[in-house]
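Student: Below is one structure. I have some questions about it.
The values are calculated or read from the model by the stated rules, or taken from the named source; none is laboratory data. Keep in mind the model is a prediction, meaning the values are calculated, not measured. Cβ coordinates were reconstructed from backbone atoms using ideal geometry, including for glycine residues, and neighbour counts include every protein chain displayed. All accessible areas refer to the heavy atoms of the entire protein, side chains included, with ligands and DNA or RNA removed. Shrake-Rupley method; radii C 1.70, N 1.55, O 1.52, S 1.80 Å.
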Amino acid sequence: MTAQAPVLILLGPPGAGKGTQARMLEEDFGLVQLSTGDLLRAAVAAGTEAGKRAKAVMEAGQLVSDEIVLAILKDRMAQPDVAKGIILDGFPRTAGQAAALDALLAATGQKVTAAISLEVDDEAMVGRVSGRYTCACGEGYHDEFKQPAVAGVCDKCGGSSFKRRADDNAETVRERLKAYHAQTAPLIAYYDGKGVLEKLDAMGAIAEIRSSLGRIVAGVAA
Ligand code: AMP
């Protein structure tokens, strides 16, 4: 990664829109989305040692150990495309991960450009997450908020192979919200202390949040 490449963090509970907005930032700013959830799901699907250790923890809505997550993230950050700048989606989630990220970036003379906290109401998150599903191409949909224009056909790729995450059910979402408040929400104060925190009301429409977020990113990453 070059010294100027932006390092953006999206903070927020499950359902806040981190993944959706990170993909839009990729399109709008040419940055690379790094989602530890996606990397872990790929490890589970591939049946790697890390994936085998992570699977039950993820299904219970709890946090995978820092050791596993950091190993997966470091591998991904060693790939050349991150030189464009990154949007971290779902990482860091603990104080230990935040400190490890600072150390990893410091080794190449970099630091976090901005940590953007997507502010939402917890109760609404259960409904948002429970209804969501994804096309095999990565495009996200929701039973209530975002159906494809033609039922059963992806707007983006025309495919019809959709899937729902095993942990996107009401019971597991409540566990994930608890984990967020206990272990991840304290990072808001951590990044505030470093002077890189931005807060954004993320209860509105996806397109509105995209433009507000775009203004923040243009301001910090120009
Ligand atoms: P996500 O796709 O970000 O909602 O993550 C799905 C699940 O993967 C979480 O509920 C955790 O079990 C695990 N996970 C993802 N990222 C992390 C992380 N940074 N630290 C610990 N566990 C994680």
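Student: Say whether the condition of being within 15 Å of the ligand (Cβ to nearest atom), open to solvent by 30 Å² or more (accessible area, probe 1.4 Å) and of a type outside the set (A, V, I, L, M) is met by at least one residue in segment 20-27. Steps first, answer last, please.
Tutor: Quick first cut of segment 20-27, residues within 15 Å of the ligand (Cβ to nearest atom) only: 20-23.
Pick out the ones that are also open to solvent by 30 Å² or more (accessible area, probe 1.4 Å) and you get 20, 23.
Still in the running and of a type outside the set (A, V, I, L, M): 20, 23.
Within segment 20-27 (the criterion being within 15 Å of the ligand (Cβ to nearest atom), open to solvent by 30 Å² or more (accessible area, probe 1.4 Å) and of a type outside the set (A, V, I, L, M)), the answer is yes, since at least one residue qualifies.
Student: Looking at segment 99-110, can you tell me whether even one residue there is more than 24 Å from K146 (Cβ to Cβ) and in contact with a Ser or Thr (Cβ under 8 Å, 6 or more places away or on another chain)? Walk me through how you get there before you give the answer.
Tutor: Of the residues in segment 99-110, the ones more than 24 Å from K146 (Cβ to Cβ) are 99-110.
The next check asks that each one be in contact with a Ser or Thr (Cβ under 8 Å, 6 or more places away or on another chain); those that pass are none.
Looking for residues that are more than 24 Å from K146 (Cβ to Cβ) and in contact with a Ser or Thr (Cβ under 8 Å, 6 or more places away or on another chain), one finds none in segment 99-110, hence no.
Student: Quick one: A179 ticks every box in (1) closer than 16 Å to P13 by Cα; (2) out of contact with any helix residue (DSSP H, G or I) (no Cβ under 8 Å at 6 or more places or on another chain); (3) in a loop (DSSP other than H, G, I, E, B) bar one, so which box is it?
Tutor: Single failed check for A179: (3).
Table: residues versus (1) of a type outside the set (S, T, Y); (2) open to solvent by 70 Å² or more (accessible area, probe 1.4 Å); (3) touching a residue at least 40 places away in the same chain (Cβ under 8 Å); (4) part of a helix (DSSP H, G or I).
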| residue | (1), (2), (3), (4) |
| --- | --- |
| A45 | yes, yes, no, yes |
| R53 | yes, yes, no, yes |
| V57 | yes, no, no, yes |
| G61 | yes, no, yes, no |
| A83 | yes, no, yes, yes |
| K111 | yes, yes, yes, no |
| A115 | yes, no, yes, no |
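Student: Same structure again: Is at least one residue of segment 9-18 out of contact with any strand residue (DSSP E or B) (no Cβ under 9 Å at 6 or more places or on another chain), part of a loop (DSSP other than H, G, I, E, B) and touching a residue at least 60 places away in the same chain (Cβ under 8 Å)?
Tutor: Keep residues of segment 9-18 that are out of contact with any strand residue (DSSP E or B) (no Cβ under 9 Å at 6 or more places or on another chain), which gives 14.
Now drop any that are not part of a loop (DSSP other than H, G, I, E, B), which leaves 14.
Filter again for touching a residue at least 60 places away in the same chain (Cβ under 8 Å), leaving 14.
There is at least one residue in segment 9-18 that is out of contact with any strand residue (DSSP E or B) (no Cβ under 9 Å at 6 or more places or on another chain), part of a loop (DSSP other than H, G, I, E, B) and touching a residue at least 60 places away in the same chain (Cβ under 8 Å).
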